[in-house]
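Visitor: Provided herewith is a single structure, encoded as structure tokens, for subsequent inquiry.
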Amino acid sequence: MVDAIADLGDDAPKVLVSASAIGYYGTSDDAAGFAEGSAAGQDYLAEVCQEWEAAASRARCERTCVVRVGVVLDSGGGALAKMMPVFQLGAGGPLGKGTQWFSWVHRDDLCAMLVEAVRNPSYEGVYNATAPSPVRMGELCEALGRATGRPNWLPVPSFAVEALLGEGATVVLEGQRVLPARAMEAGFQFKYPDIDGCLEAITEKGI
């Protein structure tokens, strides 16, 4: 992509918005969390994100924006689509130990942030696409139980999560607390800033 932009010369796009991931920071149980200026992690996902972002930074555009995406929640896909049927059967519960941080974002807010990154000339550099209220995994599952009207009592062992999510299980099982500091400073308005409102909207829509 970067090479193709370079080949366009004067016809190159003025803006490149590149999607990265909060895996950039590695995993941590630190309640202080990570903002855009935090150091990179040292695990595999962090290394992939660093290399991806380094490639994007070479684009010859007037403005490049890197959006580090959290766990996206909405109907029809992702981790939530695999969790919801378990809760609907009355067998839901925390994934793994339950105390790990879960940094999430509703899909509508992610899309709105990407559009803002394209349109707003002040958006440049790195932005975390996560809701301003990350939760512990146990809190997520309690909220999901409330939204579905189902119990939240049966912990899901780590090996089962790994079987469901593959390599993506690392972010879910170990987690990290990530805050959208730069988006909030820029005045971005989240439609779904809290987990209860997010899950209520998703369950009303159906999954």
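The values are calculated or read from the model by the stated rules, or taken from the named source; none is laboratory data. What you see is a predicted model; the values in this text were computed from it and never measured. With ideal geometry, Cβ positions are generated from the backbone for all residues, glycine too; neighbour counts draw on all protein chains shown. Calculation scope for accessible area: heavy atoms of the full protein, side chains included, ligands and nucleic acids excluded. Shrake-Rupley method; radii C 1.70, N 1.55, O 1.52, S 1.80 Å.
Visitor: Mind listing whichever residues of the range 67-82 are farther than 17 Å from residue 195 by Cβ and either of a type outside the set (Val, Ile, Thr) or more than 13 Å from the chain's Cα centre (by Cα) (or both)?
Guide: Once the filter is applied, which keeps residues that are farther than 17 Å from residue 195 by Cβ and either of a type outside the set (Val, Ile, Thr) or more than 13 Å from the chain's Cα centre (by Cα) (or both), the range 67-82 yields 68, 76, 77, 82.
Visitor: Additional query: Suppose we keep only residues that are touching a strand residue (DSSP E or B) at 6+ places or on another chain (Cβ under 8 Å) and among the hydroxyl-bearing types (Ser, Thr, Tyr) within the range 1-60. Which one would you say is nearest to residue 117 (Cα to Cα)?
Guide: Ranking the qualifying residues of the range 1-60, first place goes to 18.
Visitor: Follow-up question, since we're still on this one. Inside the range 122-205, counting only helices (runs of 4 or more DSSP H) that do not spill past its ends, which hold 2 or more residues that are farther than 17 Å from residue 100 by Cβ and modelled with pLDDT under 95?
Guide: Ranges flagged: 137-148, 195-205.
Visitor: Please specify each residue of the range 90-112 satisfying the condition of being touching a Phe, Trp or Tyr at 6+ places or on another chain (Cβ under 6 Å) and modelled with pLDDT of 95 or more.
Guide: Scanning the range 90-112 gives 106, 109.
Visitor: Quick one: in the range 175-186, of everything that is open to solvent by 40 Å² or more (accessible area, probe 1.4 Å) and either free of Cβ contacts under 8 Å to residues at least 60 places away in the same chain or within 14 Å of the chain's Cα centre (by Cα) (or both), which residue is farthest from residue 141 (Cα to Cα)?
Guide: 185
Visitor: From the list 18, 28, 38, exactly one residue is among the small types (Gly, Ala, Ser), in contact (Cβ under 8 Å) with a residue 12 or more places away in the chain and touching a Lys or Arg at 6+ places or on another chain (Cβ under 8 Å). Which is it?
Guide: Sole residue among the options that is among the small types (Gly, Ala, Ser), in contact (Cβ under 8 Å) with a residue 12 or more places away in the chain and touching a Lys or Arg at 6+ places or on another chain (Cβ under 8 Å): 28.
Visitor: Next question, about the same structure. For the range 112-131, which residues satisfy the criterion of being closer than 16 Å to residue 197 by Cα and either surrounded by fewer than 16 Cβ atoms within 10 Å (Cβ to Cβ) or polar (S, T, N, Q) (or both)?
Guide: If the condition is that a residue be closer than 16 Å to residue 197 by Cα and either surrounded by fewer than 16 Cβ atoms within 10 Å (Cβ to Cβ) or polar (S, T, N, Q) (or both), then 130 is the only one that fits.
Visitor: Of the residues in the range 126-151, how many are in contact with a strand residue (DSSP E or B) (Cβ under 7 Å, 6 or more places away or on another chain) and either among the hydrophobic types (A, V, I, L, M, F, W, C) or within 22 Å of residue 24 (Cα to Cα) (or both)?
Guide: 13
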